[in-house]
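Each remark here refers to the structure printed beneath this line.
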Amino acid sequence: MSRSKVKTLSLIAYLCIVLKGEMIGLPFLLWLPLSLFDFWNIDQLLSLLAIVALFIIITPKESRPAKRIRIDLLCFLLLTLPIIGRLIAVPLEVFNYLAFIIPVALFVILYLASLFLDPKDF
């Protein structure tokens with residue numbers, strides 16, 4: 001499987017992460033843009049950084065593989081910041097459900113695996 005396909009699958013898993021709320025679960029696909037309107041909150045900054053990282057990842061890239069890996073690692077860090085922020089904000093017991101655990105695990109495993117695939121597949 002090529003690097004781009006693995007990375008695409010990891011981003012799909014990322015956007016499918018569900019955050020439980022009071023009444024309904026909200027996937028990251030909706031949480032990221034909606035949290036931009038939660039003014040003067042750390043979630044606003046974290047979601048903005050994650051959205052910027054998503055745009056960096058999906059834009060066409062013409063660079064050396066070594067530089068590309070550094071950019072991908074930075075994007076991975078920016079994408080994980082909202083997850084870490086949520087994990088810190090509420091007790092860990094709240095995240096003990098499969099709609100959170102499986103997509104997070106898939107995102108981390110597939111994204112990191114995409115860094116080690118053949119650089120010619122960029």
Residues of the range 45-65 being free of Cβ contacts under 8 Å to residues at least 40 places away in the same chain, open to solvent by less than 50 Å² (accessible area, probe 1.4 Å) and within 15 Å of Ser10 (Cβ to Cβ), which ones? Ala50, Ala53
Tally, over the range 66-95, of residues that are modelled with pLDDT of 90 or more and open to solvent by 70 Å² or more (accessible area, probe 1.4 Å): 5
Could you figure out which of (1) under 22 Å from Leu112 (Cβ atoms); (2) touching a residue at least 40 places away in the same chain (Cβ under 8 Å); (3) among the hydrophobic types (A, V, I, L, M, F, W, C) isn't true of Ile42? (1)
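The values are calculated or read from the model by the stated rules, or taken from the named source; none is laboratory data. Here the structure is a predicted model, which means the values were calculated and not measured. Don't worry about glycine lacking a Cβ; one is built from the backbone with ideal geometry, like all the others, and counts go over all protein chains shown. Accessible surface is based on the protein model in full, side chains and every heavy atom, while ligands, DNA and RNA are left aside. Shrake-Rupley method; radii C 1.70, N 1.55, O 1.52, S 1.80 Å.
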